[in-house]
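What follows is a short report on a single structure.
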Amino acid sequence: MSDGNGFVLACPLPIQQYPHVLLAHGGGGRLMQQLIDAFASTFASAELARRHDGAALRIGDLRLAFTTDAFVVQPLFFPGGDIGKLAVCGTVNDLAMCGARPLYLSASFILEEGLSMETLGRVVASMQAAAREAGLEIVTGDTKVVDRGKGDGIFISTAGIGVIEHEHPIGPEAVRPGDAVLLSGDIGRHGMAIMAVREGLAFETEIASDCAPLAAPVLKLLESGVAVHCLRDLTRGGLAAALVEIAQTAGLHIQLDETAIPVRPEVQSACELLGLDPLYVANEGRFVAFVPEAEAKRALSLLQTEPVSAGARRIGQVTADGPAGLVTLRTAIGTTRVLDLLSGEQLPRIC
Amino acid sequence: MRFIDEYRDREAALRYARLIAKITTRPWTIMEVCGGQTHAIVRFGIDELLPPGVTLVHGPGCPVCVTPVELIDKAIAIASMPGVIFCSFGDMLRVPGTRGDLFSVKARGGDVRIVYSPLDAVQLAARNPDREVVFFAVGFETTAPANALAVLQAHQMGLKNFSMLVAHVLVPLAMEAILQSPNNRVQGFLAAGHVCTVMGYREYEPIAKKYRVPIVVTGFEPLDLLQGLYMCIRQLEEGRYEVENQYTRSVRRQGNEAAQQHIREVFEIVPRKWRGIGELPQSGLGLRAPYRAYDAERKFGVVAHTAEEASECIAGEVLQGAKKPTECPAFGTRCTPEHPLGAPMVSSEGACAAYYRYRRFTEKQVSTP
């Protein structure tokens, strides 16, 4: 049709629904949100509807946080961590994000026939080390073994309870216009570390996962009397997904400054190479804290005294007059763009 | 950050914006050819920095977008065959064919894998001698050298179980098709820096001359794009129509001759259908006779058919810069990344996906300083 007359407007038939679960349903983007919506509407719990990292429950005078998480990762061992450490940190961090002191964990293992006992031993030892570091005990568990080929070595599911020792309501609903947004350190390391190992991509500098328990910096803020409004650890979907969810749930506008968001050079380079945006890359040891403007400076200093959040920065604020429910980013060159959820996982570009 | 932050400097960007405003005396419409450039423009809001009369339209340089439905259907057919390991760049997996996409094939049990290099697929074939490994070779001149290398490597290793579904397209013919269209609005081009890194820019010189259109070979960072636009507008204002090179840190006039040699060794120029544009003569690459054994279409005997297309999608006009994604009635409503009507809504290099991700909200909602 090089004669230029009447170009054919070509496009395929629409795919209107997903009859099967796709990997994108677990990618931390919009499809995953839709999947969670489906669970939430079936289970119909007010606590679930809060859309926080865990449930905050009142039993008599006691306030408990309760959460669960499942872990599947290949490879099982990667620079900066392994599936065992992840399984402990993930649940500890969900409890910490409820403003709770993590106390007890359960651990369930789905093991694939043929897994080496040595590998299992290393994973379990790593879990115990992470639990000790986070100051809690693994007190109950379960094991199942599946046929070879029906699992991926090890799947781990952990659940945890923690005690809430303060009266602050912590969650998206407590976010107020004017709040400062603090980020606990550089982003994108876990996702890029896994990708590098999984895909055999050798970068000049080895990227180590940021996988770490986050209870210490959170408890430090709370024990120092900072009126924390909201906490969220950054996992799948990265910083962008966490903030978009908070902005939507809170119905407020979050304004970020791109140049204030720390990204290590090796992560930045790897992302540029693959066409990925570090704002959407997974983390396992980072969180955002929303605190009143008046307490922002003190909160930041407190975070910076803890090793795991020594690189904390203020990255933005909640505005009163901005577009409600949106996160906007002032780019490095001074223009503004909207941060949105991705559909599923980011895919490396072609060229 | 070396070689990234330098090209994202706010002061330098504003300086270029002021320079552009200063030399612009009337409206101009400029097309950036490459989807990577489209994303950078929308992601960094480069167009916000331009004078109101300067319009950027987005070109066909998104490999995923222009791969015809028939080939995607063939890919799906091959990937669904037992014993096949189907390898593709990640971007391609979400593009809808007539029925479903490659991700759905994977969800139904097909062995579909994302690779980062065609050479990974060759290795996979060497490690799995009892399986057929097929690589989906999409892209422009940028990806052609590595794909050629993969065929040469498979040939050297004597691999009988490796093949390629070739969907390669070439940029210059598409630019000419756009310029020949009666609806053409494009007065100047930013040519794709990566394509020219491989091919050089000699082949653009006759186009600039024939159609009296300035072409500036341009990079992908905000400052590259602003400088490329400045150079292009300066030519337009001065009535010149030359090929200029903004991306000198990567592109030479003759390109990468070793890479071109590999392409010529393995591929020959063939007619190719472009999704949304139609068949263009001499606009694609196909395997040369000595390498036909690596042609997956032949090997698996997948039959060509005419695919039905959704009538509502205006991808064809978007890919030729005749319309902006937001001018499509289905944009953001019936067509989203979750339920794409057309490929430009899928790819990270597609214009519709870029607008959906960064521009879905009206400018009233987002105040720009």
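The values are calculated or read from the model by the stated rules, or taken from the named source; none is laboratory data. Bear in mind that the values here come from a model prediction, so they are computed numbers and not experimental data. Quick reminder, even Gly has a Cβ in these numbers, built from the backbone with ideal geometry, and neighbours come from all protein chains shown.
Taking segment A:205-216 as the range and being in a helix (DSSP H, G or I) and either in contact with a strand residue (DSSP E or B) (Cβ under 6 Å, 6 or more places away or on another chain) or within 21 Å of A:R264 (Cα to Cα) (or both) as the test, only A:A215 passes. Applying the set (1) of a type outside the set (A, V, I, L, M, F, W, C); (2) closer than 25 Å to A:P79 by Cα; (3) touching a Phe, Trp or Tyr at 6+ places or on another chain (Cβ under 7 Å) to A:R132 leaves exactly one unmet item: (3). For segment B:236-262, filtering for residues that are surrounded by 22 or more Cβ atoms within 10 Å (Cβ to Cβ) and either out of contact with any strand residue (DSSP E or B) (no Cβ under 7 Å at 6 or more places or on another chain) or closer than 23 Å to A:T331 by Cβ (or both) leaves 2. All conditions but one from (1) buried (at least 17 other Cβ atoms within 10 Å of the Cβ); (2) at pLDDT below 95; (3) of a type outside the set (D, E) apply to B:N147; the one that does not is (2).
From the list B:L236, B:L285, B:L190, the lone residue that is part of a helix (DSSP H, G or I), modelled with pLDDT of 95 or more and of a type in the set (A, V, I, L, M) is B:L236.
Exactly one residue out of A:A56, A:A46, A:A65 is of a type outside the set (S, T, N, Q) and outside the structural domain of A:L115 (by TED's automatic domain parsing): that is A:A46.
For segment B:296-304, state whether one or more residues are crowded, with 24+ Cβ neighbours inside 10 Å and either part of a loop (DSSP other than H, G, I, E, B) or under 16 Å from the mean Cα position of the chain (by Cα) (or both). Within segment B:296-304, none of the residues are crowded, with 24+ Cβ neighbours inside 10 Å and either part of a loop (DSSP other than H, G, I, E, B) or under 16 Å from the mean Cα position of the chain (by Cα) (or both). B:V303 passes every criterion in (1) at pLDDT 90 or above; (2) out of contact with any Phe, Trp or Tyr (no Cβ under 7 Å at 6 or more places or on another chain) apart from (1).
When the test is whether a residue is assigned by TED's automatic domain parsing to the domain that holds B:V133, among the acidic types (D, E) and at pLDDT below 95, B:E327 does not pass it.
Residue count for segment B:80-126 satisfying the condition of being in a loop (DSSP other than H, G, I, E, B) and either crowded, with 22+ Cβ neighbours inside 10 Å or at negative phi (or both): 15.
Residue-by-condition table, conditions (1) touching a helix residue (DSSP H, G or I) at 6+ places or on another chain (Cβ under 7 Å); (2) hydrophobic (A, V, I, L, M, F, W, C); (3) within 14 Å of chain A (Cβ to nearest Cβ):
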{"site": "B:I85", "(1), (2), (3)": "yes, yes, no"}
{"site": "B:G90", "(1), (2), (3)": "no, no, yes"}
{"site": "B:D120", "(1), (2), (3)": "no, no, yes"}
{"site": "B:A126", "(1), (2), (3)": "yes, yes, no"}
{"site": "B:V138", "(1), (2), (3)": "yes, yes, yes"}
{"site": "B:V169", "(1), (2), (3)": "yes, yes, yes"}
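Among the residues of segment B:190-214, the one identified as without any contact (Cβ under 8 Å) to a residue 40 or more places away in the chain, β-branched (V, I, T) and out of contact with any Pro (no Cβ under 7 Å at 6 or more places or on another chain) is B:V213. The number of residues in segment A:219-250 that are part of a loop (DSSP other than H, G, I, E, B) and under 14 Å from A:I315 (Cβ atoms) comes to 1. Kindly indicate whether B:F140 is buried (at least 22 other Cβ atoms within 10 Å of the Cβ), closer than 16 Å to A:E199 by Cβ, in contact with a Pro (Cβ under 9 Å, 6 or more places away or on another chain) and assigned by TED's automatic domain parsing to the domain that holds B:Q153. Criteria not met by B:F140. Scanning segment A:143-179 for residues being assigned to a strand (DSSP E or B) and farther than 21 Å from A:L95 by Cα gives a total of 5. crowded, with 16+ Cβ neighbours inside 10 Å, of a type in the set (G, A, S) and farther than 23 Å from A:A250 by Cβ, is that true of A:G80? Spelling it out, A:G80 is indeed crowded, with 16+ Cβ neighbours inside 10 Å, of a type in the set (G, A, S) and farther than 23 Å from A:A250 by Cβ. Taking the criterion of being under 23 Å from B:K210 (Cα atoms), of a type outside the set (D, E, K, R) and touching a residue at least 60 places away in the same chain (Cβ under 8 Å), the residues of segment B:233-273 that qualify are B:I233, B:L236, B:I269.
Among the numbered conditions (1) more than 9 Å from chain A (Cβ to nearest Cβ); (2) farther than 23 Å from B:K323 by Cβ; (3) surrounded by 19 or more Cβ atoms within 10 Å (Cβ to Cβ), the only one that B:G59 does not meet is (2).
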